[in-house]
Amino acid sequence: MLSFADRTEQKLLQPTDPDPVEWVNEPGRSEILLVCEHAGRAVPAALGDLGIAPEEMDRHIAYDVGAEGLARGLAERLGAPLVLQRYSRLVIDCNRPLEALDCVIGESDGTVVPVNGDVSEGDRRRRFDEIHQPFHRAINDTLDQRQIDGKPRFLVTVHSFTPVMRATGAVRDFELGLLYNLDARLAERLAETFSAANPDVTVKLNQPYVVDDQSDYTIPQHGERRGIPHVLIEVRNDLINDDRGQQEWADRLAGPLRLAVDSLEGNA
Ligand SMILES: [Zn+2]
């Protein structure tokens, strides 16, 4: 039996570390729930600098560049609640199941992360229990409450992708990806409404990634499992790496998203 002091010592997050979960707008106030898993760059004090150079924390490997600003812009325009993850995905990836090898990643786009390379099972578990799970409980509780209240639910997750992968040289020359796996309803409808309003933008379905149960967590867990319409939005990060770009893309996306949701109301 552990004493209280032992148990406290074993916790990863200390009172001076940020809360993993940040809400913008009251949970449940709209039919759209916005989620940004890769918003933050915080690292628990106990993990130091993860063993990497400070400038690595400015790269896409640490967070989705511009996604937080875009998600906040959408929350404001849609009057929708937004849940943000404050910790870097180099601490734990909140869009992966615990069993995925890259949930705690040892090397990302050519950068070795020494603190993750030799992470113990216990440390991995603590990151999951203290950072990943509180975030997903917040999403879960919000969607459950809306179901109890008999209200419609649409799940929209906001991400960004890098134009060029440093490690492989892979180039992504389109602006917007709309991703789904088993349920295409919201992604396909949004592709139509977005393209009608933004004929100058190249939109691709299921690019630059595909959604599945190993490379994703939010869509399978909270969207597919409930059978509610959902979409994972990926904007190329050079378009939203400053406030102007984030506001521009929030303007581009908000109206089409509202139209797409309204046209599916009754299926949610
Ligand atoms: Zn992401």
Local electrostatic count at residue 157 - Lys and Arg +1, Asp and Glu -1, tallied over other residues with Cβ under 11 Å: -4
Relative contact order (%) - the chain, alpha-carbon pairs under 8 angstrom, separation at least six: 24
Dipole axis of the stretch 20-106 (+1 Lys, Arg; -1 Asp, Glu on Cβ), positive-most option in 25, 62, 82: 25
Relative contact order, percent, the stretch 125-253 [alpha-carbon distance under 8 Å, six or more residues apart]: 34
Protein accessible area in the stretch 105-155, 1.4 Å probe - carbon and sulfur %: 45
Surrounding net charge for residue 229, when Lys and Arg each add one and Asp and Glu each subtract one, Cβ distance under 12 Å: -2
Residue-normalised accessible area of the chain, expressed per residue, 1.4 Å probe, Å²: 44
When the convex hull of its Cα atoms is projected in every direction, mean area for the stretch 139-268 (nm²): 8.5
Full-extension gain in nm, residue 184 to residue 145, via 0.36 nm per residue minus C-alpha separation: 11.6 nm
Per-residue ³J(HN,Hα) for the stretch 86-101, Karplus 6.51 cos²θ - 1.76 cosθ + 1.60, θ = phi - 60°, Hz, x for Gly and Pro: 8, 8, 4, 6, 6, 7, 7, 8, 7, 10, 9, x, 4, 6, 5, 4
Directionally averaged shadow of the stretch 1-133, computed from the convex hull of its alpha-carbon atoms, nm²: 9.4
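The values are calculated or read from the model by the stated rules, or taken from the named source; none is laboratory data. These numbers were taken from a predicted model, which means no experiment stands behind them. Reconstructed Cβ throughout: ideal geometry from the backbone, glycine too, with neighbour counts over all protein chains shown. Side chains are part of the model used for accessible areas, which takes the heavy atoms of the whole protein and leaves out ligands, DNA and RNA. Shrake-Rupley method; radii C 1.70, N 1.55, O 1.52, S 1.80 Å.
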